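The structure appears right after this line, and notes come after that.
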Amino acid sequence: MNYYNNRRSFIKKASALVGAFSINSLFHQLHAESWKEATKSFEGLSAQDLAANEDYWSVIQQGYSASSSPIIILNNGGVSPSPVVVQQAVERFNQMTNQGPSYFMWQILDQGRESLREGLAKLGGCSVEEIAINRNATEALVTVIYGLDLKKGDEVIGSTQDYPNMMQAWRQRAIREGIVYKQLTFDFPIENDEEIVEKYRKAITPKSKIIHLTHVINWNGQIMPVKKIARMAHEHGLEVIIDGAHSFGLLDFTIPELEGDYFGTSLHKYLSAPIGSGMLWIRKEKISKVWPLVCAGDPRSDNIRKFENLGTRSFPIEQGIGEALNFHNAIGTKRKEERIRYLKDYWAKKAKEIPGVQIQTSLKAEYSCALAGVSVAGLNPSDLSSILFNTYKIHTTSISLENIHCVRISPHVYTKLSDLDRLVEALGKIATKSKG
Ligand SMILES: Cc1ncc(COP(=O)(O)O)c(C=O)c1O
């Protein structure tokens with residue numbers, strides 16, 4: 001074969017690699033057949049029955065290198081590891097990129113974004129024309145926060161339990177432009193949707209324009225009734241921004257059914273996509289009025305791609321999203337949600353029975369899934385988290401925020417029951433010692 005044929009065939013292969021959804025995908029090469037075989041006997045089981053089936057989940061666990069980590073990682077809500085197949089895809093794309101970045105990144109890998117958009121839209125149950133791919137939930141949500149026209153005196157209603165980056169962005173607009181940023185505070189856990197909806201309703205005045213909502217509160221895992229709040233907000237003529245950092249790729253919903261106007265999420269949490277990947281959804285008819293953070297071309301365009309002008313960024317990370325979708329879809333969102341809720345219940349229900357241990361999260365299915373907060377009488381959260389790590393090699397995160405004080409525990413599909421047994425045993429020992 002001469003140079004030109006060699007080169008053409010190499011480029012053809014390189015282009016095929018970009019198609020994470022094709023039969024050339026790493027997922028198909030590494031997992032598809034063996035999973036099909038290993039999981040055949042579970043096909044008739046409901047998601048809830050399957051949630052407690054260790055044979056099935058042990059197959060999934062093997063897909064993650066984190067399942068054999070020497071420390072037990074129980075802060076997947078912060079950031080989640082990727083399955084091996086996703087890590088390998090990123091490495092492969094990185095090697096390809098470094099053969100000649102300006103060519104392979106901008107002419108080959110760049111072609112892959114449209115199929116990623118399709119995959120994400122399918123998972124989100126929305127139109128491909130409503131999805132922009134970016135680097136994290138902060139970037140997605142701040143694009144909307146800074147991109148909406150508001151004038152002095154216009155009100156935005158949020159809560160003190162939203163995510164700090166978003167609160168800061170609203171505060172900045174308040175300082176610069178004189179908008180009014182009002183924040184509610186909730187005494188979580190709350191097991192009553194109406195109580196939450198009512199609080200937002202009462203905060204609305206004729207000057208209110210936007211409600212900023214967090215779908216799953218990151219501090220203690222409370223699932224908020226976003227659809228009911230959004231419906232109520234629309235009845236009053238307000239728009240709704242939803243922070244879905246802890247819900248997308250975990251809870252079984254479609255983005256439009258939440259009835260918000262804007263939705264931002266990270267993909268490196270429960271979807272297990274490469275670290276540094278995120279997504280923005282904007283209802284089609286609202287796209288044109290949101291100013292992009294970094295403008296290319298017409299800022300008033302109704303093309304969602306106007307939000308993807310991020311400057312030079314990591315294409316290998318972005319393209320790795322495709323294998324994360326393959327991995328996720330092979331499990332299915334409902335199964336994943338039920339399994340992760342089962343894992344949360346598994347440790348939390350046992351821990352609740354230990355004298356001196358308190359769970360700070362509702363254990364009703366509609367109010368929590370992966371995340372739950374735990375505290376031990378006599379210990380502050382940061383001491384509890386340190387003991388869990390230093391003595392038991394269990395990594396968690398401690399939360400101390402106004403009225404929420406706990407250690408947050410968040411398992412993932414690769415978490416083993418034996419890891420959670422170790423957590424419960426550790427909490428028992430710590431609580432006994434703390435009392436004595
Ligand atoms: C509720 C919530 N929103 C947004 C974010 C920010 O996510 P990222 O770091 O991907 O921007 C987080 C991070 O943990 C979060 O908990």
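Number of residues in the stretch 397-436 that are more than 15 Å from P381 (Cα to Cα) and touching a Ser or Thr at 6+ places or on another chain (Cβ under 6 Å): the value is 2.
For D187, the requirement of being buried (at least 21 other Cβ atoms within 10 Å of the Cβ) and part of a loop (DSSP other than H, G, I, E, B) is not met.
For the stretch 101-142, taking the residues that are of a type in the set (K, R) and in a helix (DSSP H, G or I), the one that is surrounded by the most Cβ atoms within 10 Å (Cβ to Cβ) is identified as R117. Can you find a residue that is over 21 Å from the mean Cα position of the chain (by Cα), surrounded by 15 or more Cβ atoms within 10 Å (Cβ to Cβ) and without any contact (Cβ under 8 Å) to a residue 24 or more places away in the chain anywhere in the stretch 386-401? Yes; the residues of the stretch 386-401 include at least one that is over 21 Å from the mean Cα position of the chain (by Cα), surrounded by 15 or more Cβ atoms within 10 Å (Cβ to Cβ) and without any contact (Cβ under 8 Å) to a residue 24 or more places away in the chain.
Can you tell me how many residues in the stretch 76-100 are within 29 Å of I223 (Cα to Cα), of a type outside the set (A, V, I, L, M) and either more than 16 Å from the ligand (Cβ to nearest atom) or surrounded by 20 or more Cβ atoms within 10 Å (Cβ to Cβ) (or both)? So the count comes out to 5. Scan the stretch 89-104 and tell me whether some residue there is in contact with a Ser or Thr (Cβ under 6 Å, 6 or more places away or on another chain) and within 22 Å of M224 (Cβ to Cβ). No, the stretch 89-104 has no match at all. Residues that are open to solvent by 20 Å² or more (accessible area, probe 1.4 Å), among the basic types (K, R), at negative phi and in contact with a helix residue (DSSP H, G or I) (Cβ under 7 Å, 6 or more places away or on another chain) do occur in the stretch 174-183.
Would you check if there is a residue in the stretch 161-182 being outside any loop (DSSP other than H, G, I, E, B), among the polar types (S, T, N, Q), more than 13 Å from the ligand (Cβ to nearest atom) and free of Cβ contacts under 8 Å to residues at least 40 places away in the same chain? Checked against the condition, which is being outside any loop (DSSP other than H, G, I, E, B), among the polar types (S, T, N, Q), more than 13 Å from the ligand (Cβ to nearest atom) and free of Cβ contacts under 8 Å to residues at least 40 places away in the same chain, the stretch 161-182 yields at least one hit.
The single condition among (1) away from the ligand (no atom under 16 Å from the Cβ); (2) part of a helix (DSSP H, G or I); (3) free of Cβ contacts under 8 Å to residues at least 40 places away in the same chain that P206 does not meet is (2).
The values are calculated or read from the model by the stated rules, or taken from the named source; none is laboratory data. What you see is a predicted model, and the numbers here were worked out from it, not measured in a lab. Ideal geometry is used to build each Cβ from the backbone, glycine not excepted, and the neighbour counts take in all protein chains shown. We work out accessible area using only protein heavy atoms, side chains counted, and drop any ligands, DNA or RNA first. Shrake-Rupley method; radii C 1.70, N 1.55, O 1.52, S 1.80 Å.
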